[in-house]
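Written below as structure tokens is the structure these notes are about.
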Amino acid sequence: MAESYDSLIRRGVPRYDEMLERLVDYLPRAANTVLELGCGTGNLSLALAARYPSARITFVDASPEMIEVTRARLNAARRGEDARFRFACERFESFEAGAGEFDLVASSISLHHVVDKGSLYARVRSLVADAGTFRFSDQLRGETEEIHALNWERWLDFCRGEGNCDEEEVAGLLAHAAAHDHYTPLSEQFQLLRAAGFRRLDCVWRNWIWGIIIADV
């Protein structure tokens, strides 16, 4: 999917570019050490590198193809290898780093692939420095079945809109969601984040099943 990912994500995620821009808007002004969970093809990665030109940034993704796409895009933007960047090809749950190593942990539409978010959030909390923050966009489950069904219907309406996805692509998205996605309601997200030790929680942007969450230490 690495080659077609950027095209498909904009045809399959309503207001994708707006969501990415809003996530960047809500990032802290300064950070010396940054961790991105799920770099994909590097859309958020490029924004992080531009926003924090002196920061050491670690990019994590379970797909070696995605890692290489992100690396190539960063190298092209920076006109060469940048020693500030580290790449880790592994699952979020197995990623190892020092306690309090990162001022910022960020992610864009990746964490819904994790089943046990409570354990992941506890792990993320251990990696975030004092006065650091965790900020991410992701797919959320509705608080009721009726809300979730409406959000899901509106998403499919968008996918099937003119110029977006054909039925084969819609079927692929649905199959991928059924096999790999684990959605969590916003209220449960907040409960898990609080239990992990985060505070000052907020959902600062939302559109159907997508939202942006911030959680400070």
- Message: Just to be sure I understand, how many residues within region 1-39 are small (Gly, Ala, Ser), open to solvent by less than 20 Å² (accessible area, probe 1.4 Å) and within 22 Å of LEU156 (Cβ to Cβ)?
- Response: 1
- Matching helices (runs of 4 or more DSSP H) fully within region 100-217 where at least 1 residues are touching a Phe, Trp or Tyr at 6+ places or on another chain (Cβ under 6 Å): 117-127, 145-159, 186-196
- Message: Just to be sure I understand the filter: pairs with C-beta atoms under 9 Å, separated by 6 or more residues or on different chains, first member in region 121-134 and within 9 Å of ASP216 (Cα to Cα), second member crowded, with 18+ Cβ neighbours inside 10 Å and among the polar types (S, T, N, Q). Which pairs pass?
- Response: GLY132/THR33; PHE134/SER107
- Task: From (1) β-branched (Val, Ile, Thr); (2) touching an Asp or Glu at 6+ places or on another chain (Cβ under 9 Å); (3) over 18 Å from VAL105 (Cβ atoms), pick out the condition that doesn't hold for THR184.
- Result: (3)
- Residue satisfying condition, being within 15 Å of LEU193 (Cβ to Cβ) and under 19 Å from the mean Cα position of the chain (by Cα), within set LEU111, LEU104, LEU74: LEU111
- Of the residues that make up region 139-160, is at least one open to solvent by 30 Å² or more (accessible area, probe 1.4 Å), in contact with a strand residue (DSSP E or B) (Cβ under 6 Å, 6 or more places away or on another chain) and in contact (Cβ under 8 Å) with a residue 60 or more places away in the chain? yes
- Item | Scope region 29-58; condition out of contact with any Lys or Arg (no Cβ under 8 Å at 6 or more places or on another chain) and of a type outside the set (A, V, I, L, M, F, W, C); matching residues | ARG29, GLU36, GLY38, GLY40, ASN43, ARG51, TYR52, PRO53
- Scan region 56-91 residue by residue and report those that are surrounded by fewer than 21 Cβ atoms within 10 Å (Cβ to Cβ), closer than 24 Å to ASP138 by Cβ and in contact with a Leu (Cβ under 8 Å, 6 or more places away or on another chain). ARG73, PHE85
- Quick one: which of ARG51, ARG73, ARG56 is touching a Gly at 6+ places or on another chain (Cβ under 9 Å), in contact (Cβ under 8 Å) with a residue 12 or more places away in the chain and charged (D, E, K, R)? ARG73
- Query: If PHE198 passes every condition in (1) touching a His at 6+ places or on another chain (Cβ under 7 Å); (2) under 14 Å from ARG135 (Cβ atoms) but one, which one does it miss?
  - Reply: (1)
- Matching option when the condition is of a type in the set (Ser, Thr, Tyr), within 30 Å of ALA31 (Cβ to Cβ) and open to solvent by less than 20 Å² (accessible area, probe 1.4 Å), among SER110, SER187, SER119, SER126: SER110
- Inspect all residues belonging to region 180-195 and state whether any of them is under 21 Å from the mean Cα position of the chain (by Cα), at pLDDT 95 or above and at positive phi. no
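The values are calculated or read from the model by the stated rules, or taken from the named source; none is laboratory data. Note that the structure is a prediction, hence the values are computed from the model and not measured. For neighbour counting, all protein chains shown are included, and Cβ atoms are generated from backbone atoms with ideal geometry for every residue, glycine included. When the accessible area is computed, the model is the full protein with side chains, heavy atoms only, and any ligands, DNA or RNA have been set aside. Shrake-Rupley method; radii C 1.70, N 1.55, O 1.52, S 1.80 Å.
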